[in-house]
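The values are calculated or read from the model by the stated rules, or taken from the named source; none is laboratory data. This is a predicted model, so every value here is computed, not measured. Cβ placement follows ideal geometry from the backbone for every residue including glycine, while neighbour counts extend to all protein chains displayed. Areas reflect the complete protein model, heavy atoms only, side chains present, ligands, DNA and RNA absent. Shrake-Rupley method; radii C 1.70, N 1.55, O 1.52, S 1.80 Å.
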Amino acid sequence: QVRLVESGGGLVQAGGSLRLSCVASGRFSRVNGLGWYRQVPGKERELVATMTSGGGTNYGDSVKGRFTVSRDNVKNTVYLQMDSLRPEDTAVYYCWGWFSRTYWGQGTQVTVSS
């Protein structure tokens, strides 16, 4: 079993920055990918950013150039640096992990005020 625990969410003004962290723990031999998705009520969960074990990244179109995903492979931790935040970035952000199968964290709320 794998557990993903997020931290770093909160309230920030538009134009500000936040950094999310997600630590993976449990029994696994290989991490194929780690990253972030987000969801607002009434909408589907959408890609924010992911990073494979080889370092390849994939970003959602709405966050390109503003958000940066990174990983610490020793700590099994993935980060999301969010800059130039906008009110439309307000959502619950979920950590995503690809091991022998996909796992999700419990989510952390990010609220951007205008």
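Peptides 23-33, 49-59, 74-84, ordered by how many other C-beta atoms sit within 10 Å of their residues on average, highest first, read 74-84, 49-59, 23-33.
Which FRET efficiency, nearest 0.05, do GLN39 and LEU11 yield, Cβ-Cβ r, R0 25 Å? Don't skip to the end; give the middle numbers.
Working: r = 18 Å, r/R0 = 0.72.
E(calc), rounded to 0.05, equals 0.90.
Scalar couplings 3J(HN,Hα) for region 16-21, obtained by applying the Karplus form with A = 6.51, B = -1.76, C = 1.60 to θ = phi - 60°, are x, 10, 9, 10, 9, 10 Hz; x denotes Gly and Pro. Under 5 Å from the amide H of ASN32 lie the amide H atoms of TRP98, PHE99, each residue being 5 or more positions distant or on a separate chain, with H modelled from the backbone and absent for Pro and chain starts. With contacts taken as Cα pairs under 8 Å at a separation of at least 6 residues, region 32-84 carries a relative contact order of 28 percent. Annotation: for a label point projected 7 angstrom from Cα along Cα→Cβ of ASP61, no residues of region 14-38 have a backbone N closer than 11 Å.
Using the Karplus relation 6.51 cos²θ - 1.76 cosθ + 1.60 with θ = phi - 60°, the per-residue 3J(HN,Hα) values for region 93-102 come to 9, 10, 6, 10, x, 10, 10, 6, 8, 8 Hz, with x marking Gly and Pro.
Entry comment: accessible area of the chain is 54 Å² per residue, from protein heavy atoms only and a probe of 1.4 Å.
Protection proxy ranking of 13-20, 89-96, by the mean of other Cβ atoms within 10 Å over each peptide's residues and highest first, is 89-96, 13-20.
Percent of accessible area on the chain owned by carbon and sulfur, 1.4 Å probe?
46 percent
Just want to confirm a number: the relative contact order over the chain, from Cα pairs under 8 angstrom separated by 6+ residues, in percent. In percent, rounded to a whole number, it is 37.
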